[in-house]
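Asker: One structure follows; several queries about it will come next.
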Amino acid sequence: MDDMGLLAAMAAFFLAVGAFAGVLAGLLGVGGGIVLVPALLYVFTALGFDSPQVMQLCIATSLATIVVTSLRSLAAHHRTGAVDWDILKSWSIGIALGALLGVLVAASLRSDLLLLIFGVLAVLVGLYMTLGTAGWRIAPVMPTGLLRAILSPAVGFLSSLMGIGGGSFGVPLMTLYNVPIHRAVATAAGFGLVIAVPSVIGFMMVDIAVAPPFTIGAVNLLAFGLIVTTTLLTSPWGAALAHRLDAGALRRTFGVFLTLVALNMLRKALGW
């Protein structure tokens, strides 16, 4: 494939991926990364950029898009007064440190091991979305002290390692500690920003041997620009559609879909 043909194919794929991720984000309130990483893996592999570092490319590019989408989401939630700034401020340092550690670990691993890790964690997220209920609780208030010092880096580390924002781990964590769901979703947008910014800076310093055009470190700028543009355009469509459909049924359906996608990634990671 010549250079122009390659760029045209990349552009078409990324526009489609961004549109799909935007609709799902608006429809289900999930971060785009949980969708983007498997989609980017398919695209980069299909275009011939499969290598021992392809997962780093997918994770880093996904996190770059999360910088923009989380910032937009956080600003929108702040205007409605839904963000719990006390939680966000007290958890941010630990989350950011965990995210940086996630970058260091991800940069040192082969794609097949990262694929295995993503698959296992995504199965857990999918099962939670499928089987979890709003009534599940661990404690009446968010943890402080030593427990917060353990959990906050864990959220950043796992999210950075998977290339996802704050929603997949942050929302379940906060709701389990009695934070109302709308407040948890709003605050998790801030988690996503705290995770993505240091992670992207770190990933831009990672050397990728087999990288597509317009890549800095492990971040592909073409994918970033096109996905962000279409995600921002289509997420309001998903949000509007969500008001017409049963949110619980949609969430369970997506949980099943995500679990199947994750199991397929596990199959590839194990060479089956």
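The values are calculated or read from the model by the stated rules, or taken from the named source; none is laboratory data. The model shown is predicted, which means the values in this text are computed figures rather than measured ones. Ideal geometry is used to build each Cβ from the backbone, glycine not excepted, and the neighbour counts take in all protein chains shown.
Asker: Just checking, which of 21, 60 is surrounded by 24 or more Cβ atoms within 10 Å (Cβ to Cβ), at negative phi and in contact with a strand residue (DSSP E or B) (Cβ under 7 Å, 6 or more places away or on another chain)?
Answerer: Every option except 60 fails the conditions.
Asker: Take residue 82 and decide whether it is modelled with pLDDT under 90, out of contact with any Ser or Thr (no Cβ under 7 Å at 6 or more places or on another chain) and of a type outside the set (Lys, Arg).
Answerer: The answer is yes for residue 82.
Asker: Under 20 Å from the mean Cα position of the chain (by Cα), under 30 Å from residue 51 (Cβ atoms) and either among the basic types (Lys, Arg) or modelled with pLDDT of 85 or more (or both), is that true of residue 168?
Answerer: no
Asker: Cβ-Cβ under 8 Å, sequence separation 6+ or interchain: first residue in the range 162-182 and within 15 Å of residue 84 (Cβ to Cβ) and without any contact (Cβ under 8 Å) to a residue 40 or more places away in the chain, partner among the aromatic types (Phe, Trp, Tyr) and assigned to a helix (DSSP H, G or I). Which pairs?
Answerer: Final answer for the pair search is 170/191.
Asker: I've got another one for you. Taking the range 85-119 as the region of interest, how many residues are of a type in the set (D, E, K, R) and modelled with pLDDT under 95?
Answerer: Of the residues in that region, 2 qualify.
Asker: Can I ask one more? Kindly provide the set of residues from the range 64-112 that are farther than 19 Å from residue 37 by Cβ and small (Gly, Ala, Ser), ordered by number.
Answerer: Hits for the range 64-112 are 75, 76, 81, 82, 90, 92, 94, 96.
Asker: Just a yes or no: is a residue in the range 100-108 free of Cβ contacts under 8 Å to residues at least 40 places away in the same chain, more than 29 Å from residue 182 (Cβ to Cβ) and out of contact with any His (no Cβ under 9 Å at 6 or more places or on another chain)?
Answerer: There is at least one residue in the range 100-108 that is free of Cβ contacts under 8 Å to residues at least 40 places away in the same chain, more than 29 Å from residue 182 (Cβ to Cβ) and out of contact with any His (no Cβ under 9 Å at 6 or more places or on another chain).
Asker: Is there a residue in the range 233-242 that is surrounded by fewer than 16 Cβ atoms within 10 Å (Cβ to Cβ), in contact (Cβ under 8 Å) with a residue 40 or more places away in the chain and among the aromatic types (Phe, Trp, Tyr)?
Answerer: Within the range 233-242, one or more residues are surrounded by fewer than 16 Cβ atoms within 10 Å (Cβ to Cβ), in contact (Cβ under 8 Å) with a residue 40 or more places away in the chain and among the aromatic types (Phe, Trp, Tyr).
Asker: Which one of 156, 170, 192 is under 18 Å from residue 258 (Cβ atoms), in contact with a Phe, Trp or Tyr (Cβ under 9 Å, 6 or more places away or on another chain) and buried (at least 23 other Cβ atoms within 10 Å of the Cβ)?
Answerer: The match here is 170.
Asker: Can you give me the number of residues within the range 81-131 that are closer than 24 Å to residue 142 by Cα, crowded, with 22+ Cβ neighbours inside 10 Å and aromatic (Phe, Trp, Tyr)?
Answerer: Of the residues in the range 81-131, 1 are closer than 24 Å to residue 142 by Cα, crowded, with 22+ Cβ neighbours inside 10 Å and aromatic (Phe, Trp, Tyr).
Asker: Are there any pairs with C-beta distances below 6 angstrom linking a residue in the range 212-223 that is closer than 12 Å to residue 59 by Cα to a residue that is modelled with pLDDT under 95 and assigned to a strand (DSSP E or B), with the two at least 6 apart or on different chains, and if so which?
Answerer: If the second residue must be modelled with pLDDT under 95 and assigned to a strand (DSSP E or B), no pairs are left.
Asker: Any residue in the range 200-222 that is more than 21 Å from residue 73 (Cβ to Cβ), surrounded by fewer than 18 Cβ atoms within 10 Å (Cβ to Cβ) and either among the aromatic types (Phe, Trp, Tyr) or within 15 Å of the chain's Cα centre (by Cα) (or both)?
Answerer: Looking through the range 200-222, at least one residue is more than 21 Å from residue 73 (Cβ to Cβ), surrounded by fewer than 18 Cβ atoms within 10 Å (Cβ to Cβ) and either among the aromatic types (Phe, Trp, Tyr) or within 15 Å of the chain's Cα centre (by Cα) (or both).
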